[in-house]
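Undergrad: What follows is a single structure, and I will ask about it in a moment.
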Amino acid sequence: MNYETILFEVENRIATITLNRPDRLNAWNHTMSAELGHAMLSCDEDDQIRAVVVTGAGRAFCAGSDLSSGDETFDKFSREKDDVLREKERRYQGYAGPFPWQIRKPVFAAINGHAIGVGITYPMTCDVRIVAEDAKVQFAFVRRGVLPELWSHKIVPQIAGLSNAADLLFTGRMIRGRELVGLGLASAALPAGRVLEATLERAREVLSAAPVSVAISKRLLWRGLNASFAELGAKESRMFGWTSSQADAQEGVASFLEKREPDWKLSVAKNTPDVGL
């Protein structure tokens, strides 16, 4: 499919999605939101894709919402929602998705430059983040008279702690990529020119893992945020038993003992069970 605001390419079973409005510092609009959702769904359903990397074209990852509509930007964004968009919001826990945390493949954010507003809340819904050390990062919403979105009030304190989340979300202050790592909100901070390749290298590690095992682990990790120890333990134990009885468990042990690359048998699209969370 040809997209207007993003680029989509697949190489060596890794999909790279590039926010592609460099002349606007990849500012977010309705079209980008819809195209990202479509691309994520395609990645989820395609067994030839094992991992996803999201990055930005040019010197920014995403400078936030496109403010070209002036002081009515956010009100217009809300008023323009149609029935299809509202149905997607119901289906995907409040926002028109799917978003990175909602698909069964691991999603890595290569934050190659400035990440403001939705430019940081979107990659916070990814599984792993690698950021440019000098990138400007800002949860700027309260400085625009609105609220942090995309589950920020759940994800950010869960990772960084309530006090650090309050600091970032209540003040909307600017930080740099290296501070994002210090708060635990990214895995590594690197010179901007190295971010994408380092993220692709990390994503390639997934190719050695059983795809259905990864899909189950991801679901337990994200859905488990709202589960008790007892509830999560029961689901985790049941899924461990299920994976132990499948062909990939046999292949995983055999390939290790025989010192060869594994040939995984299970399909994420066809064989991933419902974990019950």
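No lab work stands behind these numbers, since they all come straight from the coordinates. These figures come from a predicted structure and were not determined experimentally. Using ideal geometry, Cβ is built from the backbone for each residue, glycine included, and neighbour counts are taken over all protein chains shown.
Undergrad: In Å and whole numbers, how far do the C-alpha atoms of segment 209-271 stretch along each principal axis, longest first?
TA: 39, 22, 16
Undergrad: To check you understand DSSP bridge types, tell me what percent of the beta bridges within segment 6-206 (both residues inside) are antiparallel, rounded to 5.
TA: Antiparallel bridges make up about 30 percent of those DSSP assigns within segment 6-206.
Undergrad: Same structure, new question: What size of dipole, in debye to the nearest 20, comes out for segment 6-206 about its Cα centre when the only charges are +1 on Lys and Arg C-beta atoms and -1 on Asp and Glu C-beta atoms?
TA: So the dipole magnitude of segment 6-206 works out to roughly 440 debye.
Undergrad: From the residues S208, A51, A227, which one has its Cα farthest along the dipole of the chain in the positive direction, the dipole being from +1 and -1 charges on Cβ of Lys/Arg and Asp/Glu about the Cα centre?
TA: A227
Undergrad: Suppose every K and R has +1 on its Cβ and every D and E has -1 on its Cβ; what is the size of the dipole of segment 209-271 about the Cα centre, in Debye to the nearest 20?
TA: 220
Undergrad: While we're on this one: Give, in whole angstrom and from largest to smallest, the semi-axes √(5λ) of the equivalent ellipsoid of segment 95-153, with λ running over the eigenvalues of the Cα gyration tensor.
TA: Each semi-axis is √(5λ); the values are 19, 17, 6 Å.
Undergrad: Next question, about the same structure. Can you tell me the Rg and Dmax of segment 116-205, counting just the alpha carbons, in angstroms?
TA: Every Cα atom of segment 116-205 included, Rg and Dmax give 12.8, 41 Å.
Undergrad: Once a ≥ b ≥ c are taken as the square roots of the eigenvalues of the Cα gyration tensor of segment 165-277, is the result rounded (a/c under 1.5), prolate (a/b larger than b/c) or oblate (a/b not larger than b/c)?
TA: Oblate shape, in that a/c is at least 1.5 and b/c is the bigger or equal ratio.
Undergrad: May I pose another question? From Cα pairs below 8 angstrom and at least 6 apart in sequence, can you work out the relative contact order of the chain, rounded to a whole percent?
TA: Computed over the chain, the figure is 16 percent.
Undergrad: Fully extended, how many nm does the chain gain between L225 and S244 (0.36 nm per residue separation, minus their Cα-Cα distance)?
TA: Length difference between fully extended and current span is 4.4 nm.
Undergrad: Taking the mean number of other Cβ atoms within 10 Å as a proxy for protection, how do you rank 31-44, 151-164 from highest to lowest?
TA: Ranked from most to least packed, the peptides come out as 31-44, 151-164.
Undergrad: Placing +1 at every Lys and Arg Cβ and -1 at every Asp and Glu Cβ, with all other atoms neutral, what dipole size does segment 132-222 have around its Cα centre, in debye to the nearest 20?
TA: Dipole of segment 132-222, to the nearest 20 debye: 200 debye.
Undergrad: How big is the chain by Rg and Dmax over its Cα atoms, in Å?
TA: 19.1, 64
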